[in-house]
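Please treat every number below as a calculation from the coordinates, not as lab data. Note that the structure is predicted; figures quoted are calculated from it, not measured. Every residue, glycine among them, receives a Cβ derived from its backbone with ideal geometry; neighbour counts consider all protein chains shown.
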Amino acid sequence: MKLTVSTLSLLTLLFLYSCKDNTNSADYAGYVEKEFDLSAIKDSAHPKEKLAHIKIKIPANLDTFYQWHRQTDCAGCGKMEYRFSSKNYSQFAETGEIWTNYPDSVFQLTFIHDPIVKERSKFLDPVRKEDTAYLPNYLANQSTWCDKFDFLYKKHVLIKGRSFILTAFTTNCSIITHNRPSVLMGAITSLKNTSLLLLAETNAKDTTGFELMMQKAISSIEISE
């Protein structure tokens with residue numbers, strides 16, 4: 001059979017597509033796909049309502065999932081938090097603004113948003129590349145009690161068409177692990193009516209590869225609203 005130029009082009013594209021699929025599958029060996037809903041309180045008198053649906057591939061050793069409303073002094077205060085954690089490390093759901101018991105060690109990925117989300121006349125704008133100048137500092141300030149941290153990087157990326165600010169940093173004053181040296185990798189994006197923060201953290205003895213592992217997980221995220 002004689003192959004035309006168009007036929008050869010089609011075969012080449014199919015081959016490259018097949019290779020791409022195989023590569024993507026191989027990239028996430030050791031990861032598992034998880035799905036869950038983000039829920040918010042419409043107002044203080046109404047029960048929780050679905051805010052968004054999350055699909056993400058996470059490291060298989062993040063085998064424990066729990067969620068809670070981190071309350072302070074009112075229903076609309078605090079945060080809604082959803083956490084994937086390794087069962088080989090401490091399971092810890094922080095409450096209020098101050099706590100005195102700190103976990104010995106953590107290995108986790110947490111999703112965070114405001115508990116009460118009101119509908120807006122105009123949806124929030126996506127985060128912008130220019131926001132790289134201040135949003136990583138905001139995330140780091142939210143994660144530390146002494147506001148001392150060293151950034152590994154700050155960058156703007158598109159994931160599945162959605163705009164994110166990614167950052168990674170080290171600190172000795174995490175609000176979770178207190179005075180223990182920790183590595184954190186975080187991301188911020190805009191939903192329709194609120195912001196969503198993702199924060200991965202560990203203070204394991206060997207943190208090699210943790211930031212890259214979590215960045216790969218976050219790079220697989222799909223958000224449906």
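Taking amide H positions as modeled 1.01 Å from N, with prolines and chain starts lacking one, the residues under 5 Å from Leu152 and 5 or more places away or on another chain are Ala168, Phe169, Thr170. Taken one residue at a time, the phi angles of region 56-61 give Karplus couplings (6.51, -1.76, 1.60, θ = phi - 60°) of 8, 9, 10, x, 4, 6 Hz. Gly and Pro are set to x. Each Cα pair under 8 Å and six or more residues apart adds its separation to the average, and for region 101-220 the resulting relative contact order is 31 percent. Spin-label model, Asp206 to Asn88: label points 7 Å out along the Cα-to-beta-carbon direction sit 1.0 nm apart. Here the extension length gained between Lys129 and Cys146 equals 3.4 nm, from 0.36 nm per residue of separation less the Cα-Cα distance. Proximity of backbone amide H atoms, modeled 1.01 Å from N, is registered between Arg180 and Ser174 at under 5 Å, excluding neighbours fewer than 5 places apart on the same chain. The slack in the chain from Ser195 to Tyr138, taken as 0.36 nm per residue of separation less the alpha-carbon distance, amounts to 19.3 nm.
Taking 30 Å as R0, compute the FRET efficiency from the Cβ-Cβ separation of Val32 and Glu119 and round it to 0.05. Mind dumping the intermediate values first?
On the way: r = 34 Å, r/R0 = 1.14.
My answer for the efficiency is 0.30.
Between Leu158 and Phe65, what length in nm is gained on full extension when 0.36 nm per residue of separation is reduced by their alpha carbon distance?
On the way: separation 93, 0.36 × 93 = 33.48 nm, distance 2.64 nm.
Extra length from Leu158 to Phe65 when fully extended: 30.8 nm.
When Lys and Arg each count +1 and Asp and Glu each count -1, what net charge do the other residues less than 11 Å away from Leu38, Cβ to Cβ, add up to? Spell out each step's value before the answer.
On the way: positive: Lys48, Lys50; negative: Asp37, Glu49, Glu81, Asp114, Glu225.
Value of the local net charge: -3.
Placing +1 on each Lys and Arg Cβ and -1 on each Asp and Glu Cβ, with no other charges, gives region 31-224 a dipole about its Cα centre of roughly 500 debye.
Dividing the alpha-carbon Rg of region 31-224 by 2.2 N^0.38 Å yields what? Before the final figure, lay out the partial values.
Values: Rg = 15.9 Å, N = 194, 2.2 N^0.38 = 16.3 Å.
Here the Cα radius of gyration is 0.98 times the empirical estimate.
Summing charges over neighbours of Leu184, with a neighbour being any other residue whose Cβ is under 9 Å away from its Cβ, gives -2 when K and R count +1 and D and E count -1.
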